[in-house]
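The structure appears right after this line, and notes come after that.
The numbers here are math on the coordinates, done by the rules we state, and not lab data. None of the values given here were measured: they were computed from a predicted structure. Here the Cβ is made from the backbone with ideal geometry for all residues, glycine too, and neighbour counts use every protein chain on show.
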Amino acid sequence: MREDLERVIDVVKALTGSADCTPGPVSREGLERLQAKYVNVPDDVIDFYRVTNGAQLSDPWWEFEPVDRVLANAATLDAMIATDFAGSQEWWSLAWIPVGSDVSGNALCVDTAASGGVRGQVMIFMHDEAARRIVAPSLGAYIKCLAIATETGLIRYTPEDGFWLEGNQMRWDAFLSSQLQGYPRQV
């Protein structure tokens, strides 16, 4: 995973012309807070944060969040289960780590409880939809797909638009499917 993440970072640095595209690794205390909240943090999530504490890497939809923001976002969503959704574990799960977010309040999550799949799978939480899309079996597999997509030009970058996909969501799904047998899928 670390090698694929470093590939992504190298491509992002080359595309953006910036050596500062990532904030560097998370502090020991940050990792300890993450592991205190989520007792089953997958190794590839820990490896991710040991390389970079979040960053706009090369995913055209998600900004990977620093640990402090991951924990803040999780606390907000966790609290909403009790207040806004009457204990509904179908809307949000305490076992989901929101490692990425978009501008609409949705999240790219690592599932530590194997909700409808395997522990460590990457899923998309859409705040206004009940269905969940599982996009990869692990964060490491997802990062590898980002590395390939960035290196091959499927994901592109311009200073004006940032990162964007050459195509649409269907093309991204087809790409993921070509790289990860059985993904993406709905649960």
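Would you mind checking the tilt of helix 169-179 against the longest principal axis of the Cα atoms of the chain, expressed as 0 to 90 degrees and rounded to 10? It is inclined by approximately 80 degrees.
In the chain the Cα-Cα distances spread across 10 Å bins starting at 0 as 9, 38, 37, 14, 1 percent of all pairs. Projecting the Cα atoms of Leu139, Gly17, Gly100 onto the charge dipole of the chain, computed from C-beta unit charges around the Cα centre, puts Leu139 farthest toward the positive end.
Charge tally for Ile148 (other residues, Cβ to Cβ under 12 Å; Lys, Arg +1; Asp, Glu -1): 0.
Hey, any idea what Rg/Rh is for the range 108-187, computing Rh the Kirkwood way over Cα pairs? Ratio of gyration radius to Kirkwood radius: 0.99. Residue by residue, the range 138-152 carries 3J(HN,Hα) couplings of 6, 5, x, 5, 5, 4, 4, 4, 4, 4, 5, 5, 6, 5, 8 Hz when phi is fed to the Karplus relation 6.51 cos²θ - 1.76 cosθ + 1.60 (θ = phi - 60°); x denotes Gly or Pro. Axis angle, to the nearest 10 degrees, between helix 2-16 and the longest C-alpha principal axis of the chain: 60 degrees.
With a simple spin-label model that places each label point 7 Å from the Cα along the Cα-to-Cβ direction, the separation between Met170 and Ser104 comes to 1.8 nm. Cβ crowding within 10 Å ranks Lys37, Lys13, Lys144 as Lys13, Lys37, Lys144, fewest other Cβ atoms first. Residue separation of Leu94 and Glu3 scaled by 0.36 nm, minus their Cα-Cα distance, works out to 29.8 nm of gained length. Charged neighbours of Gly162, selected by a Cβ distance under 13 Å, balance to -4 (K, R count +1; D, E count -1). In this structure, the amide hydrogen of Ser115, modeled 1.01 Å from its nitrogen in the peptide plane, lies closer than 5 angstrom to no residue at least 5 positions away or on a different chain. On C-alpha positions alone, give me the angle between the axis of helix 28-37 and the longest principal axis of the chain, in degrees, nearest 10. Tilt relative to the chain: about 40 degrees. Proximity of backbone amide H atoms, modeled 1.01 Å from N, is registered between Ala55 and Phe64, Glu65 at under 5 Å, excluding neighbours fewer than 5 places apart on the same chain.
Here the range 2-186 is assigned +1 on the Cβ of each Lys and Arg and -1 on the Cβ of each Asp and Glu. Its dipole about the Cα centre then comes out at about 360 debye.
In the chain, the calculated helix contribution to ellipticity at 222 nm averages -13000 deg cm²/dmol per residue, counting -39,500 (n - 2.57) for every DSSP H run with n ≥ 4.
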